[in-house]
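See structure below.
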Amino acid sequence: MFNLFCNFETFKYPVHSFKNITMKNITKTIIGAIAGDVIGSIYESRNDKTTDFPLYSVNCHFTDDTVLTIAVADCILNEKDFAQTIWEYGNAYPHSGYGKMFKNWLASDNPQPYNSYGNGSAMRVSPVGFACQNMEEVLKVAAQSAEVTHNHPEGIKGAQAIAAAVFLARTGQPKQAIRDFITEKFAYDLNFTMDSIRPSYKFDATCQGSVPQAIVAFLESHDIESAIRLAISIGGDSDTIACMAGGIAMAYYKEIPRDLLGFVSSTLPYRFVRILSRFDMKCAHEK
C-alpha cells in the first residue's frame, strides 16, 4: 500500500514569497510544458479556434498536466518509483482535472496499470527528454514512466514520441530531422497543417489523436509563445496539447519570455518551483 507523504501546508505559498529560488532558476527545461498547461487551462472547456486570444487570465491555473510533470521530474531527480510517486502527487492535488480512469487508479491501495492509450502518459513525459543522455535511454525511461498507468502500446508510444521530440530538440536537431524521426519511428502522420485541421478538429484525449497535433504545433512555431498559441488554437484538449507542444518548444528555442515566465510561475506552489529549480540545475544542457 502506498502512503501519502503530502503536507498541504508546505504547498500553498505563492512564488513571490520564495527567498532562495528566483525565476532565473527555472528557465531552461520543463517550464515550457507547464506554461502550455497553465495558459491552456481555461480553453479546454471553452475552445477558441484562433491563435489570437488573451495569453494571460486571472483564471489560468495549473492542472493535472503540471502536477504529473513535476512528479516525473521528482522521480528522475531522486530516483524514485514512478508508480508510487505519481500516485502520491495525484493524491496530494486531488482536484487538478484527472480523467475518470486515473481517479480510480488514485483511489486504489494497490494501483495497477489500466491499459490506457490516453494522452496522460505523454503530457507528463517532457522531463525524460531533458534528463536522458541518448535516444535508447529516452525511449526506455519514457516507457517506464508511461506503463505504470498507460500500458497500452499507444499510450507508451505517445509518451516515447513526445520525449524523443524533446530530446532531439534540446540536442540541436533541426525541425525536419525531428519530423522525420517521429514519422519513421512511430508512424505518426504529420502531413497536415494546423490551419487545415482547425475547423474540424474535435476533443480527442487519446495519444493518437493529440500527440501528432502537438508535434505539428511545435514544428509550425517560431518561439515558445507561438507553439502554445498554435496548440490551443485547434480546440480540443487544449491544456494537454499545449503542454506537449510547449515542452518540445522549450527544448528547441531554449528561452521563455520573462513576462510569460513570471505569469506562469506565479500560479505554482512552492514545492513545484523548488523541483523545477533543482531539475534545471541537474538537467539543463547546452546545445
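Throughout, read-outs are computed from the coordinates displayed, never taken from laboratory work. Every value quoted in this text rests on a predicted model; they were computed, and no experiment measured them. Here the Cβ is made from the backbone with ideal geometry for all residues, glycine too, and neighbour counts use every protein chain on show.
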Could you give the dipole magnitude of the range 240-287 about its Cα centre, charging the beta-carbon of Lys and Arg +1 and that of Asp and Glu -1, in debye to the nearest 20?
200
Would you work out which of TYR270, MET244, ALA187 lies farthest towards the positive end of the dipole of the chain? Charges go on Cβ: Lys and Arg +1, Asp and Glu -1.
TYR270
Compute the FRET efficiency between TYR114 and ASP223 as 1/(1 + (r/R0)^6), taking r as their Cβ-Cβ distance and R0 = 45 Å, and round to the nearest 0.05.
0.75
When only C-alpha pairs under 8 Å and at least 6 residues apart count, what is the relative contact order of the range 203-287, in percent?
24
Just want the ordering: TYR93, TYR98, from fewest to most Cβ atoms lying within 10 Å of their own Cβ.
TYR98, TYR93
Shape of the range 90-194, Cα gyration tensor, a/c cut at 1.5
prolate
Quick one: Cα centre-to-centre distance for the range 81-121 and the range 42-68, in angstrom?
22
For the range 128-287, the dipole about the Cα centre with charges only on Cβ (Lys and Arg +1, Asp and Glu -1), to the nearest 20 debye, works out at 400
The range 79-181 - percent relative contact order, Cα under 8 Å, separation 6 or more
29
So which of LYS80/LYS282; LYS28/LYS100; LYS28/LYS80; LYS28/LYS175 end up more than 24 Å apart by C-alpha?
LYS28/LYS100
Checked against the structure, the computed Rg and Dmax of the Cα atoms in Å among (1) 22.4, 71; (2) 17.0, 48; (3) 18.7, 67 is the one labelled (2)
With unit charges on the beta carbons (Lys and Arg positive, Asp and Glu negative) and the dipole taken about the Cα centre of the chain, which residue among CYS283, SER41, LEU55 sits farthest to the positive side?
CYS283
Give the peptides 159-165, 182-188 in descending order of average Cβ contacts within 10 Å, highest first.
159-165, 182-188
Before anything else, pin down the relative contact order of the chain: Cα pairs under 8 Å, at least 6 apart, normalised by residue count, whole percent.
34
Between LEU55 and HIS95, what length comes free when the chain is fully extended (0.36 nm per residue of separation minus the Cα-Cα distance, one decimal in nm)?
12.1 nm
Cα-centre dipole for the chain with unit charges at Cβ (Lys and Arg positive, Asp and Glu negative), debye to 20
500
Under a 10 Å cutoff between Cα atoms, tell me which one of MET101, MET123, MET250 has the largest fluctuation in the Gaussian network model of the chain.
MET101
